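The values are calculated or read from the model by the stated rules, or taken from the named source; none is laboratory data. Because the structure is predicted, anything quoted here is derived from the model rather than measured. Cβ atoms come from the backbone with ideal geometry, glycine included; neighbour counts cover every protein chain shown.
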Amino acid sequence: MTRTALWKGCKMEKFYDEIKVRKAYESLTKLLISRNITITTMESATSGQIASLITDTEGSSAIFKGAFITYCNEAKIMQGVPEEIIEKYSVYSKETAAAMASACKKTYNANIGIGITGTMGNVDPQNVEASVPGEVYFAICHDLCGGENEVISYHILLPVQPTRLQYKLVVAGYVCDAVMKLLK
């Protein structure tokens, strides 16, 4: 089953407080540990930021299976994203994010796989035609509802951020919120 959500025009913080994001991930990781739910990521736009935030909490090795940082198209394909999806929908699409989430979940045999792709503050010179600054897609593939995989895709339109870290923190905040809602 696949669902899509668009966070556009909603009230969102322009800048995320790093301390708040870190505390949210500590809560998420502790919840995953308490429920013995495993997680993995395949990250492009966030460059491993989500994996880093999850593993900042002591004991995370019990639930964090591993991660891929797939910054270029070739890396995504090497890790299981079908080249046809990137060619048909572009590297910056909900379909690519969903394929990333599904591929890392499958590779690591985790309960939750997260895939993130998008353009932060500037146009990607390798994907000019598909690159829209501030447009990010992420997906969560999970088997928490009876063992069958479900993929939920998200589309975020970000305001301009002052730094690359701020872009990553904003996206990380959305990802954490989405996973927490899934676990409720």
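It is to be established whether one or more residues within the stretch 161-172 are more than 20 Å from residue 70 (Cα to Cα) and hydroxyl-bearing (Ser, Thr, Tyr).
Yes.
Based on this model, can you work out whether residue 117 counts as of a type in the set (Val, Ile, Thr) and surrounded by fewer than 22 Cβ atoms within 10 Å (Cβ to Cβ)?
Values: of a type in the set (Val, Ile, Thr): yes; surrounded by fewer than 22 Cβ atoms within 10 Å (Cβ to Cβ): no.
So residue 117 does not fit the description; no.
Just for the stretch 14-31: of the residues that are part of a loop (DSSP other than H, G, I, E, B) and touching a helix residue (DSSP H, G or I) at 6+ places or on another chain (Cβ under 7 Å), which one is modelled with the lowest pLDDT?
Here is the first cut: in the stretch 14-31, the residues part of a loop (DSSP other than H, G, I, E, B) are 14-17.
Checking which are touching a helix residue (DSSP H, G or I) at 6+ places or on another chain (Cβ under 7 Å) leaves us with 15-16.
Details: 15: 55, 16: 72.
That would be 15.
Does the stretch 56-80 hold any residues that are β-branched (Val, Ile, Thr) and without any contact (Cβ under 8 Å) to a residue 24 or more places away in the chain, and which are they?
Just the residues of the stretch 56-80 that are β-branched (Val, Ile, Thr), to begin with: 57, 63, 69-70, 77.
Within the stretch 56-80, just 77 meets the criteria.
Mind listing whichever residues of the stretch 61-90 are of a type in the set (Lys, Arg) and surrounded by fewer than 18 Cβ atoms within 10 Å (Cβ to Cβ)?
The first filter runs over the stretch 61-90 and keeps only residues of a type in the set (Lys, Arg), leaving 65, 76, 88.
Matches in the stretch 61-90: 88 only.
Residue 89: closer than 20 Å to residue 64 by Cα, hydroxyl-bearing (Ser, Thr, Tyr) and modelled with pLDDT of 95 or more, yes or no?
Values: closer than 20 Å to residue 64 by Cα: no; hydroxyl-bearing (Ser, Thr, Tyr): yes; modelled with pLDDT of 95 or more: yes.
It is false that residue 89 is closer than 20 Å to residue 64 by Cα, hydroxyl-bearing (Ser, Thr, Tyr) and modelled with pLDDT of 95 or more.
At least 3 residues that are of a type in the set (Gly, Ala, Ser) in each: list the helices (runs of 4 or more DSSP H) lying fully within the stretch 33-114 that qualify. Show your work before the answer.
Values: elements: 49-55, 73-78, 83-89, 94-108.
Output list reads 94-108.
Go through the residues of the stretch 171-178 one by one and say whether even a single one is of a type in the set (D, E, K, R), closer than 20 Å to residue 29 by Cα and either modelled with pLDDT of 95 or more or loosely packed, with under 15 Cβ neighbours inside 10 Å (or both). Working first, answer last.
From the stretch 171-178, those of a type in the set (D, E, K, R) are 177; that's our starting set.
Still in the running and closer than 20 Å to residue 29 by Cα: 177.
When the remaining residues are screened for being either modelled with pLDDT of 95 or more or loosely packed, with under 15 Cβ neighbours inside 10 Å (or both), the result is 177.
Scanning the stretch 171-178 turns up at least one residue that is of a type in the set (D, E, K, R), closer than 20 Å to residue 29 by Cα and either modelled with pLDDT of 95 or more or loosely packed, with under 15 Cβ neighbours inside 10 Å (or both).
Suppose we keep only residues that are closer than 15 Å to residue 40 by Cα and of a type in the set (D, E, K, R) within the stretch 96-149. Which one would you say is nearest to the chain's Cα centre (by Cα)?
My answer is 105.
So the check is Cβ under 8 Å with 6+ separation or different chains; which pairs have a first residue in the stretch 119-135 that's part of a strand (DSSP E or B) and a second one that's modelled with pLDDT of 90 or more and among the polar types (S, T, N, Q)?
So the pair list comes out as 135/119.
So residue 34 fits all but one of (1) buried (at least 17 other Cβ atoms within 10 Å of the Cβ); (2) modelled with pLDDT of 95 or more; what number is the exception?
The single condition residue 34 does not satisfy is (1).
Is it fair to say residue 46 is crowded, with 23+ Cβ neighbours inside 10 Å, in contact with a helix residue (DSSP H, G or I) (Cβ under 9 Å, 6 or more places away or on another chain) and polar (S, T, N, Q)?
When the stated conditions are applied, residue 46 passes them.
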